[in-house]
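The values are calculated or read from the model by the stated rules, or taken from the named source; none is laboratory data. Since we're looking at a predicted model, the values are computed, not measured. Quick reminder, even Gly has a Cβ in these numbers, built from the backbone with ideal geometry, and neighbours come from all protein chains shown.
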Amino acid sequence: MNLIFMGTPEFAVPSLKLLIEKFGVKAIFTQPDRPSGRGNKITMSPVKKIALENNIPVIQPVKLKNDTESIEYIKKLNPDFIIVVAFGQILPKEVLDIPKYGCINLHASLLPKYRGAAPINWAIIKGEKFTGNTTMFMDEGLDTGDMLLKSEFPISEEMDFGELHDILMNDGAKLLEDTINGLVNNTIVREKQQGNCPFYAKMLNKSIAYINWKEDNINIHNLIRGLSSSPVAYTKYNGDIMKIYKSEIIDKDVNGTPGKILEIDKAGIKVICGTGLLNINIIQFPGGKPLTVEEYLRGHNLNSGIILGE
């Protein structure tokens with residue numbers, strides 16, 4: 001099988017590894033090396049590391065649609081498939097038309113729901129009970145191509161972004177294998193995406209992460225677990241930024257000012273929400289690392305009665 005793979009983050013790695021093992025990969029496209037971390041050290045993508053380990057040619061176009069040399073290289077390889085997993089660039093029609101069987105994308109949602117850049121985060125933030133992966137033919141739209149195969153998974157009330165990310169990341173590899181085999185053997189019926197996208201999973205930014213304590217405790221809890229990797233939900237404690245990595249819902253009706261700390265103990269910080277209570281379990285202040293509330297209290301003080309967000 002003559003495959004080209006396009007991907008960038010950790011999410012794409014299991015898919016790439018399996019495709020190398022099962023089919024072979026002729027070339028890998030990934031995003032250019034970029035500054036990362038506190039020291040802004042130039043870092044290669046997780047996909048590039050796998051390419052180098054397997055001695056597979058790596059191409060890193062700044063913008064593929066404007067890169068004539070890269071497009072000509074793809075044409076010379078004459079691929080059966082181009083497989084795309086979180087590449088981070090839009091493929092021009094000239095590239096979409098090259099492969100024998102087409103360009104296949106793995107998307108981490110049950111399309112047409114949650115098209116866009118952050119489907120895993122938004123499925124949690126919106127309180128979905130189920131999500132999954134979809135493979136599809138790529139077209140010129142954003143995640144609008146004909147669907148091929150799907151896999152579905154439940155989202156528990158406590159599952160955070162990292163847990164769901166890893167489930168979908170590992171499942172996606174097998175789904176891609178089944179998709180390739182199904183297309184080659186002509187056993188898959190493509191399905192058009194009907195209607196509009198029920199919710200577009202736009203890119204995340206820091207403004208999304210600021211907690212509004214007037215929301216009910218379920219919505220705040222969903223925001224915290226959906227942003228647990230990045231950008232991380234946050235509030236203010238006495239003017240200092242307090243990031244919140246983990247929380248749990250307390251099923252109890254309480255009257256009081258939203259954001260007010262009702263009680264603090266080793267189990268967490270109990271905060272009044274617009275509806276109900278929320279127990280905050282893991283926090284981080286500037287200059288520190290994420291700690292459980294019990295760990296933080298060993299060297300610092302936290303006071304009840306404080307209103308968060310002020």
Original post:
Are any residues in the stretch 148-165 under 25 Å from residue 81 (Cβ atoms) and of a type in the set (D, E, K, R), and if so, which ones?
Top reply: 150, 152
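Within the stretch 138-145, can one find any residue that is assigned by TED's automatic domain parsing to the domain that holds residue 15, in a loop (DSSP other than H, G, I, E, B), farther than 30 Å from residue 94 by Cα and under 20 Å from the mean Cα position of the chain (by Cα)? Steps first, answer last, please.
Filtering the stretch 138-145 down to residues assigned by TED's automatic domain parsing to the domain that holds residue 15 leaves 138-145.
Adding the requirement that they be in a loop (DSSP other than H, G, I, E, B) leaves 138-145.
Add one more test, that the residue is farther than 30 Å from residue 94 by Cα, and what stays is none.
Checking the stretch 138-145: not a single residue is assigned by TED's automatic domain parsing to the domain that holds residue 15, in a loop (DSSP other than H, G, I, E, B), farther than 30 Å from residue 94 by Cα and under 20 Å from the mean Cα position of the chain (by Cα).
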Subject >> Breaking point among (1) in contact (Cβ under 8 Å) with a residue 24 or more places away in the chain; (2) closer than 23 Å to residue 127 by Cα, for residue 142 >> reply: (2)
Subject >> Selection within the stretch 241-282 - under 25 Å from residue 230 (Cα atoms) and assigned to a loop (DSSP other than H, G, I, E, B) >> reply: 258, 259, 267, 273, 274
Original post:
How many residues does the stretch 111-125 contain that are more than 15 Å from residue 233 (Cβ to Cβ), buried (at least 21 other Cβ atoms within 10 Å of the Cβ) and among the aliphatic types (A, V, I, L, M)?
Top reply: 3
Subject >> Residues of the stretch 205-237 satisfying the condition of being more than 21 Å from residue 252 (Cβ to Cβ), of a type outside the set (Ser, Thr, Tyr) and either modelled with pLDDT of 95 or more or in a helix (DSSP H, G or I) (or both) >> reply: 206, 208, 209, 226, 227, 231, 232, 233, 236
**OP:** Sort out which residues of the stretch 8-58 are at pLDDT 95 or above and at positive phi, and write them in order of number.
**Re:** 24, 55
Original post:
What is the number of the single condition among (1) within 25 Å of residue 126 (Cβ to Cβ); (2) assigned to a loop (DSSP other than H, G, I, E, B) that residue 304 does not meet?
Top reply: (1)
Subject >> Residue list for the stretch 219-262, filter: surrounded by fewer than 18 Cβ atoms within 10 Å (Cβ to Cβ) and of a type in the set (Gly, Ala, Ser) >> reply: 229, 230, 239, 256
Subject >> Hits in the stretch 64-92 - residues which are of a type outside the set (Val, Ile, Thr), more than 21 Å from residue 20 (Cβ to Cβ), surrounded by fewer than 17 Cβ atoms within 10 Å (Cβ to Cβ) and within 26 Å of the chain's Cα centre (by Cα) >> reply: 65, 92
Subject >> Flag for residue 264 being closer than 24 Å to residue 124 by Cα and in contact (Cβ under 8 Å) with a residue 40 or more places away in the chain >> reply: no
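Condition (residue is touching a Pro at 6+ places or on another chain (Cβ under 6 Å) and either surrounded by fewer than 12 Cβ atoms within 10 Å (Cβ to Cβ) or touching a residue at least 40 places away in the same chain (Cβ under 8 Å) (or both)) applied to the stretch 179-194: is it met by at least one residue? If you could, list the steps in order and put the result at the bottom.
Of the stretch 179-194, the ones touching a Pro at 6+ places or on another chain (Cβ under 6 Å) are 193.
Adding the requirement that they be either surrounded by fewer than 12 Cβ atoms within 10 Å (Cβ to Cβ) or touching a residue at least 40 places away in the same chain (Cβ under 8 Å) (or both) leaves 193.
Yes, there is a match, as at least one residue in the stretch 179-194 is touching a Pro at 6+ places or on another chain (Cβ under 6 Å) and either surrounded by fewer than 12 Cβ atoms within 10 Å (Cβ to Cβ) or touching a residue at least 40 places away in the same chain (Cβ under 8 Å) (or both).
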